[in-house]
Amino acid sequence: MPPKPFIRARRNGQAMVEFALIATLALVVLLVGIQFALIGQAALAVSQASYLGARYASVNSNALQSDVASKINSQGSPTITSPANALTVTMTCLDSSNKSIACTASRTFGEQVSVGVTYNATSKIFLPSNTLMGLKFPTNLTATENAMTE
């Protein structure tokens, strides 16, 4: 004997309610995953920018902090270089005991140079921070790279 149409309709309604609950949860998980992917991409770009700056400063012994910053802005990832004033570049030189000294216009062979890059990632965050299960997304991404002058 086939089931009554009324019972079949109740089962279809139950499936729709379950789908609505699961779809909402899946959408939240997807959006959080996309948010972390955007922040991860920016973090990788900051790391690459600090490497690029340290390499440039080590190969060009006459490069100053402004030269390193313009090199990073011209060849860095558009992920971090497109919003103006979101990227901060610092360059310090280190002596043989790893103490900070003033970077001169002509560094000697073997002198260490440290390039730090800081990026304000608030422009990459599209989800509200504290409303989703207390998640707090990082807003300042920092990377530092050391190299020796060639």
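Every number in this text was worked out from the coordinates using simple rules, so none of it is lab data. Small disclaimer: the values here were computed from a predicted structure and weren't measured. Every residue, glycine as well, gets a Cβ built from its backbone with ideal geometry; the counts of neighbours run over all protein chains shown.
Numerical summary
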read-out: Length gained when the stretch T139-Y51 is fully extended (0.36 nm per residue, less Cα-Cα span); value: 29.6 nm
read-out: Fluctuation leader among F36, F19, F109 - the chain, Gaussian network, Cα springs under 10 angstrom; value: F19
read-out: On Cα atoms only, tilt of 65-75 relative to the major axis of the chain in degrees; value: 40
read-out: Amide hydrogen neighbours beyond the local backbone of I125, cut-off 5 Å, H modeled; value: none
read-out: Among G134, N73, A43 - extreme Cα towards positive end, dipole of the chain, charges at beta-carbon; value: G134
read-out: Net length gained if the chain between M148 and A105 were fully extended (0.36 nm per residue, minus Cα distance); value: 14.0 nm
read-out: Assigned charges on the beta-carbon of Lys, Arg, Asp, Glu; the stretch 5-148 dipole about Cα centre (debye); value: 640
read-out: Unit charges at the beta carbon, dipole of the stretch 5-148: most positive-side option, N62, F109, V89; value: V89
read-out: Tilt relative to the chain, helix 5-59 - C-alpha long axis, 0 to 90 degrees, to 10; value: 0
